[in-house]
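I have placed the structure first, in the form of structure tokens, so that the comments after it can refer back to it.
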Amino acid sequence: MHGISVAIPSVDTLIEKLTQALKPYFPSDLLPAKQPIIVGIETGGYWIAQAIHRAIKPATDLGHLNITFYRDDFTKIGLHPTVKPSSLPTNIDGKTIILIDDVLYSGRTIRAAMNEIFDYGRPQRIVLAILIDRGEREIPIQADIVAETIRLEPNSHIKLDGPDPLQLTVKSNGS
């Protein structure tokens, strides 16, 4: 399979941009109980969240969302045989959640993630941080922090492969 040519910075560079944009949410004088909770959406968003969590070293544990059962298209795409449960580290009521995903496209993944988060409790705020925003929404979802915005040719897709190394690939449906 051949990818189409799209100039994208390295994944490490993009993660560093997100990390720098998120550091102000973790001031040194903020009590651990008041710190935001970093939550990654499986799988790519979780890989990115792990790297950001390691860099920022917050007092809160890393959260993990598997939104499989919250997707509005799982009857079309089927269920993966090894669905892992989600894990949020603490009571999220009144907390700031930093929700991290790899690619924002239609908005449906983020909608599903927010539905699951609200099943755990009622956060004060959700901050959406995205590695790549490729536009073309189907649902009115907007990221708060974006490392890179790209436009792709029709029928092209971008995917984060990993976890080691993390690498973005752009492919056309025709290739």
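Can you give the log10 of the normalised intensity I(q)/I(0) at q = 0.22, 0.25, 0.27 Å⁻¹, computed with Debye over equal Cα scatterers of the stretch 106-155? Once normalised to I(0) and log-transformed, intensities are -0.87, -1.04, -1.14. Here's the picture: charge each Lys and Arg Cβ at +1 and each Asp and Glu Cβ at -1 in the stretch 126-175, and of P163, I132, N173 the one pushed furthest to the positive end of that dipole is N173.
Given a cut-off of 17 Å, what percent of all Cα-Cα pairs of the stretch 1-69 lie beyond it? Show your work: numbers first, answer last.
Details: 1191 of 2346 pairs.
The calculated P(r) of the stretch 1-69 puts 51 percent of pairs beyond 17 Å.
Summarising the strand pairing of the chain, around 30 percent of its internal DSSP beta bridges are antiparallel.
Can you give me the convex hull volume of the Cα atoms of the chain, divided per residue and expressed in Å³?
Values: hull volume 21.3 nm³, N = 175.
Cα-based convex hull of the chain, divided per residue, equals 122 Å³.
For the chain, the relative contact order works out to 25 percent when only alpha carbon pairs closer than 8 Å and six or more residues apart are counted. Restricting attention to the stretch 103-175, close to 50% of DSSP beta bridges with both partner residues there are antiparallel.
Every number in this text was worked out from the coordinates using simple rules, so none of it is lab data. Quick caveat, the model's predicted, so the values are computed rather than measured. Heads up, the Cβs are rebuilt from the backbone with ideal geometry, glycines too, and the neighbour counts pull from every protein chain shown.
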